[in-house]
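What follows draws every value from the coordinates through simple rules; no lab data is involved. None of these values were measured; they are calculated from a predicted model. So basically every Cβ, Gly included, is an ideal-geometry build from the backbone, and we count neighbours across all protein chains shown.
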Amino acid sequence: MPEEKKVEDKQIEEEKKIDEKDFFVDLLNPEDDEDETDDDEQKKKAAEEAKAKDEEEQRRKNKDAEEARKRREAEAKAKAEADAKAAEEASRKQTSKETPNENVNKLGEQLVEFKKKYPDVELVELDKDANFKKYIEGKLLGRKDFTGLYEEYVELRQSLSGKSQEEIRQSYERKAAASSGSSKTTTSDTPDVYSEEELEKISKKLPYMSRAEADRVSAKLDKSIAFYENKK
Amino acid sequence: MASTEFVKLPALSSKIYKEWYPKTVLVQSCDDSFEGELNLETRELDIPVYHDLTVHQTTIKERELKPAAIEFVKASTKRVTIDKGRYSHWGQTTLGKLIDRLSAEDSEVRRKLVNKWAIEAEKELAEWCAFSLPTAQTINIPSILSWSTTGYLTEDNVLQVLDILKAKAIAANMEPSEFKLFASEAFETVLRDAKILLGYNLDANEAFKAGFVAYANGVDIRRIQVPSITTRNSTSGLVEAEYAVWKTRDGIQYVVPYKNTVSYDIMPTEVLLGGTGYQTVEYYDFFNIYPTRLYRVPLYYKANPTLPTAS
């Protein structure tokens, strides 16, 4: 027990010594308290400045990185465009080199297919049809083959003239039969008359027609009127 | 198809026009071309203008250096306003079939209608030439040949008269063969008396040309039958004086740009059982764009006659 008390006393004594020492230090430096406050503020300020500087630095870095990224992207895009152009040019050259023969072959194949599907339709008669030629202009050897274009044209004529597709096709066949004599002859129940739609159009136009224009339609018009009168 | 009437009516009008037009002589001799369609609201229409092409005198070298400016001929048109119309107004009862009788190929009703239309058209145009042209467009034969009260057209001076007509065309820098003379049957009689009804230079088609009489002294002569431009003897009906017409084809531009037949219902209160009314209509007009290509020519066939006057 007495030993324990001894140790405690020693500790207390040492603490006192430290307190005294601090007291003297304080006495020797009377403004130390204020300085301590200023130092804190300065430190704070410096820390803030450093932080702002860091942030500024970071922003700059980000900006630089963004610019670099954009530059890289632009370069990549320009390169891709140049490559595509070069490829297109190359393919165009390639196509133009092979155009004459290959196109003829392709068209030939399409015409053979067409003849298989429509053996009675004479290509010569189609060729004589100026409207058909206009219709396929720029479309030949495109996405649709010749047969597709022909079918589309027949549909279009059907919707404009009111004739059936069969009638339109027969018109090519009939001409063919008359011109070549080789195709089989076809007979139709419908005489050469205007369709109802055509008749309506003509009836509106007729009052304004000149003598020459009226002469051109009059024979077929009379026949058409007689035909529809008998049909009633 | 329920009914073909919507097309039968304009077709009937077209048929009537097609049939009356060849029955005329003077009307048929006019230029009938037009471009586009008649605007029914403004009544405006474009008719062609026939320019004379200029002939340039040059040396070959000069022509290579300075070619003359091109002259566009076909593109030129003149906008005119159509102001005349004629129509026949007729109807049929519910039981009638007049429209069918008119449309039939050999319709007697239509033939009568067509004749009347032709006579009316011819008369109107001839009267306009005789009475409405300015004095400058008169070739006054009685005055030129000093017929006074005693002179008139005979077999002795008929060639001279034809020469005067040709001279008028030549003086205006035109080709006399472009002109035709339209006169009554009295002129034909004088030609026959003079034994100059020449036919040796005719081709087979000449005889079928409406009103063709002869080529005499290089002049194409056509017969017109319009009583109102002649003065006739009250007893014999023979022509004593007349206005003949001396013109080129484009001297008169006669256009018929609209012809139609319109129908409307007639109530049973107006006609027993009701019916349908029809108007066969034509809009037309004529123009003299080139005054030097159309003349009226007073002619006497007896001494001191009276020239016809507008009624």
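So here's what we get for this one:
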| read-out | value |
| --- | --- |
| Phi-based couplings in Hz for region B:279-291 (Karplus 6.51, -1.76, 1.60; Gly and Pro marked x) | 10, 8, 10, 9, 9, 7, 6, 9, 9, 10, 6, 10, x |
| Compactness of chain B as Cα Rg over 2.2 N^0.38 Å, two decimals | 1.21 |
| Stretch in chain B that is longest and holds no chymotrypsin sites (Phe, Trp or Tyr not before Pro) that DSSP places in a loop and that have at most 10 other beta carbons within 10 Å | B:73-199 |
| Of B:E105, B:E188, B:E71, the one that fluctuates the most in a GNM where chain B has Cα springs shorter than 10 Å | B:E71 |
| Distant-in-sequence amide H partners of B:T230 (H built 1.01 Å from N, under 5 Å) | none |
| Karplus (6.51, -1.76, 1.60) ³J(HN,Hα), θ = phi - 60°, over region B:80-85, in Hz, Gly and Pro reported as x | 10, 9, 7, 10, 10, x |
| Global geometry of region A:191-232, whether rounded, prolate or oblate, following the gyration tensor of its Cα atoms and the 1.5 cut on a/c | prolate |
| B:A244 long-range amide H proximity, modeled H, under 5 Å | B:V297, B:L299 |
| Filter on A:K220/B:K123; B:K8/B:K78; B:K15/B:K180; A:K204/B:K112; A:K205/B:K84 - keep pairs with C-alpha separation over 23 Å | A:K220/B:K123; B:K8/B:K78; B:K15/B:K180; A:K204/B:K112 |
| ³J(HN,Hα), Karplus 6.51/-1.76/1.60, whole Hz, each residue of region B:231-237, x for Gly, Pro | 10, 10, 5, 5, 8, 7, x |
| Distant-in-sequence amide H partners of B:G151 (H built 1.01 Å from N, under 5 Å) | B:N304 |
| Euclidean distance of C-alpha centroids, region A:100-152 and region B:72-141, integer Å | 52 Å |
| Computed FRET value (nearest 0.05) for B:K78 with B:T309, which takes r as the C-beta separation and R₀ as 30 Å | 0.40 |
